Amino acid sequence: MLTDTACKNASCPEGKARHRLADSAGMYLEVASNGSRRWFFKYRYGGKEKRLALGSYPEVTLRAARDARDEARKTLATGTDPVQRRRVEKAVKATAVANTFETVARELHGTKADSWSVNHAKQWLRCLEKDLFPWLGSLPLADLTAPVLLDALRRVEKRGALRMAHDLREYAGQVFRYGIATGRCDRNPAADLHGALKPAPVKHMAALLEPKQVGNLLLAIDAYVGQPTTRAAMALSALLFQRPGNIRGMEWSEIDVDAAMWTIPAAKMKRRQYGKANGRPHLVPLAPQAIAILNEIRPLTGGGRYVFPSLHSRGACMSENTVRAALRRLGLSNDEMTAHGFRAMARTLIAERLPGINQNVIEAQLAHGKAGPLGDSYDRAEFVEQRRAMMAQWAHYLDQLRAEAISLPARTA
């Protein structure tokens with residue numbers, strides 16, 4: 001039998017590829033010419049000689065190797081091949097790893113990311129990496145229960161991120177539904193948590209919705225003493241009520257003054273990846289007032305790519321904070337008006353103050369997707385001519401509000 005000293009001093013004779021030092025009951029230490037030392041258990045199964053690797057010395061000590069050998073002999077005594085059993089155990093372990101929450105979630109993400117918007121795909125995975133993988137990632141999907149998932153979501157609730165907790169429940173539900181479809185689990189415990197989380201308050205983008213307030217805002221924009229491009233960006237935001245990112249990223253090549261049309265490429269719209277790659281561009285009719293603003297700033301920025309270029313980063317468009325900061329300079333807090341609020345402002349006042357305009361025409365101008373799973377596929381109406389008339393009517397209404405604000409008597413202290 002071997003001793004620890006013999007194992008430490010074991011070497012392979014010169015000229016030989018390997019050398020075996022026997023211990024007992026079929027176990028031996030194999031020393032290679034390169035100095036490596038490995039434990040093996042030799043046995044017979046089905047009339048054939050076989051061997052089972054028990055690990056490398058000194059990582060696996062003599063005592064540990066004997067324990068592993070004895071365990072293998074017990075397996076052999078039951079009529080099971082120790083090598084085959086190890087293969088089964090490895091397969092089971094590999095399957096368990098492949099069926100963990102994190103593995104399935106990442107697989108789902110890899111399957112769906114190309115059809116999601118870039119931002120949503122990044123946010124989806126980032127949120128799971130931060131708030132769910134640390135607690136659930138290594139657990140088999142089939143073993144996860146509603147209370148276990150709820151415990152992870154409660155951690156998010158405790159830091160006050162109520163909206164995020166609800167989003168994570170939805171994301172987890174997508175993982176479980178994918179797990180059911182691929183045979184990794186039988187049910188979706190996220191569905192059992194409906195009503196278990198604290199309500200998440202819905203926070204709408206702040207916007208001025210009263211005509212008198214809007215008139216005063218328009219006067220304040222006209223009197224803005226900062227950069228003329230910033231003033232123009234705010235004025236066009238009111239006239240065109242497109243998403244702030246589209247306003248900032250407006251390019252001169254997208255403007256057709258003769259046709260009075262701004263054509264936003266599909267790739268710039270808030271859509272899924274397929275819609276960005278294959279969808280139609282978004283058309284924004286330009287009222288005469290909008291064209292006048294563009295003509296006013298063309299001498300300033302018309303030689304470059306962007307209508308509203310960055311003042312600090314060459315080749316970039318205006319920062320997303322520029323309009324927000326300008327609104328603050330006009331005395332409007334973030335709870336009163338935001339860059340995105342121009343959309344809500346227009347949506348509300350057009351519906352309430354401009355009679356005869358079809359709801360679908362307003363939604364088309366806002367570039368909102370049509371309701372229902374097949375809405376965009378079968379209803380492709382763009383209402384271009386109706387929107388052209390609406391945009392002219394809206395611009396005239398804003399002029400009217402501006403004029404009314406000018407004629408109002410001055411307030412006394």
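A few comments on the model shown:
- Within the option set 232, 220, being in contact with a Gly (Cβ under 9 Å, 6 or more places away or on another chain) and part of a helix (DSSP H, G or I) holds for one residue only, 220.
- Hey, residue 320 acidic (Asp, Glu) and assigned to a helix (DSSP H, G or I) or not: no
- Looking only at residues of the range 159-177 that are of a type in the set (D, E, K, R) and closer than 14 Å to residue 196 by Cα, we find that the one that is surrounded by the most Cβ atoms within 10 Å (Cβ to Cβ) is 169.
- Condition met for residue 108 (within 18 Å of the chain's Cα centre (by Cα), assigned to a helix (DSSP H, G or I) and surrounded by 18 or more Cβ atoms within 10 Å (Cβ to Cβ)): yes
- Listed by first and then second residue, the pairs linking a residue in the range 63-87 that is more than 17 Å from residue 2 (Cβ to Cβ) to a residue that is polar (S, T, N, Q), with Cβ atoms under 6 Å apart and 6 or more places separating them unless they lie on different chains, are 82/75; 85/75.
- Residue match in the range 348-361 (condition: surrounded by fewer than 18 Cβ atoms within 10 Å (Cβ to Cβ), in a loop (DSSP other than H, G, I, E, B) and either touching a residue at least 24 places away in the same chain (Cβ under 8 Å) or among the acidic types (Asp, Glu) (or both)): yes
- Every residue from the range 63-93 that is of a type in the set (A, V, I, L, M) and surrounded by 14 or more Cβ atoms within 10 Å (Cβ to Cβ): 64, 65, 68, 72, 76, 83
- Looking across the range 34-62 at every residue that is surrounded by 10 or more Cβ atoms within 10 Å (Cβ to Cβ) and among the basic types (Lys, Arg), the one that is farthest from residue 76 (Cα to Cα) is identified as 37.
- Within the range 165-217, the set of residues being in a loop (DSSP other than H, G, I, E, B), among the β-branched types (Val, Ile, Thr) and under 19 Å from residue 106 (Cα atoms) comprises 182 only.
- Of all the listed residues (26, 47), the sole one being modelled with pLDDT under 90 and either of a type in the set (Phe, Trp, Tyr) or more than 30 Å from residue 188 (Cβ to Cβ) (or both) is 47.
- Condition broken by residue 180, with the remaining ones in (1) surrounded by 18 or more Cβ atoms within 10 Å (Cβ to Cβ); (2) β-branched (Val, Ile, Thr); (3) without any contact (Cβ under 8 Å) to a residue 40 or more places away in the chain satisfied: (1)
The values are calculated or read from the model by the stated rules, or taken from the named source; none is laboratory data. Only a predicted model underlies this, so the values are computations on that prediction, with no experimental measurement involved. Reconstructed Cβ throughout: ideal geometry from the backbone, glycine too, with neighbour counts over all protein chains shown.
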